Amino acid sequence: MKKRTTAAIMTTALFLSGCTTDGIAEATKNIKETEPIEEAIVTQLNRVTKQEKGLQEAFEATLSKDKAEKPFSDKESTIFKNIDERKSSLEAIEASINELDLKRKSLVENDGTALPEKEIDSLTTSMKRISTSLNDYTKHYEKNLAEEEKYFQSLASEEATYQTLTDGMTAINEQDATNKEQLKKLNEQFEQLRIQRKEAQEQLSSLSESKN
């Protein structure tokens, strides 16, 4: 009986020892997986920018569509398709933000015994910062799109005047300027994220090699 108890204790000790890891492999994997997430976000941001540039063309196409008397009353018109495309891009960005947050959480909760804390902390802080900025961007942009949609729909009203047209375009141009400022900030944060990711990867690689 005593021998069995001793064996059980030894087995438990071995099991607990096996559960303790340096965390390097897991951290390396999670950091590597942030790269395609970042690429997906940047792709969608570029898509939104491209769609913005096509807004004037979409506006003109809607005006000339079949020479309709009220072209902006048709939800299938080019201008509303442009808005819907940007909505889809924002949804894709939001999904990627959630993925990035999950990777950050995994890095924060990694209790490995040999992790380069300084580099990991800097990286996760940068990830948190960019997630916050992206959330601010998408929420602000969603509001802008709702106002754009309302504006273009108003052009189908019999009460719409030339002033309605010019006021709306002025508002859109102001929103565009704000969006550009947000994108400039995001570009800087992405650049910082890449630097900190590289530093963390290099430290993890060095630690991994030193153990071999």
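General observations
- Along region 51-59 the Karplus relation, 6.51 cos²θ - 1.76 cosθ + 1.60 evaluated at θ = phi - 60°, assigns HN-Hα couplings of 5, 4, 5, x, 5, 4, 5, 5, 4 Hz to successive residues, with x for each Gly and Pro.
- Of the options [x] 1.54; [y] 1.21; [z] 1.08, only one is Cα Rg over 2.2 N^0.38 Å as computed from these coordinates, and that is [x].
- Among Q192, Q163, Q182: highest mean-square fluctuation, GNM of the chain, C-alpha pairs under 10 Å: Q163
- At a probe radius of 1.4 angstrom, the accessible area of the chain per residue rounds to 62 square angstrom.
- Highest-fluctuation residue, L193, L90, L165 considered, GNM on the chain with Cα pairs under 10 Å: L165
- Lysine pair count for region 25-125 with Cα-Cα distance under 27 Å and sequence separation of 8 or more or different chains is 29.
- S88/T125 FRET efficiency (R0 35 Å; Cβ-Cβ; nearest 0.05): 0.70
- For region 94-212, the Kirkwood hydrodynamic radius from C-alpha pairs, put into Stokes-Einstein at 10 °C and a viscosity of 1.306 mPa s, yields a diffusion coefficient of 91 µm² per second.
- Surface share of carbon and sulfur [accessible, 1.4 angstrom probe, percent] for region 57-193: 47 percent
- Helix-only [θ]222 nm of the chain, DSSP H runs n ≥ 4, -39500 (n - 2.57) each, per residue, nearest 500: -29500 deg cm²/dmol
The values are calculated or read from the model by the stated rules, or taken from the named source; none is laboratory data. Remember, it's a predicted structure, so these values are computed and weren't measured experimentally. Neighbour counts run over all protein chains shown; Cβ positions are idealised from the backbone, glycine included. In case anyone asks, the SASA skips ligands and DNA or RNA and just uses the protein heavy atoms, side chains included. Shrake-Rupley method; radii C 1.70, N 1.55, O 1.52, S 1.80 Å.
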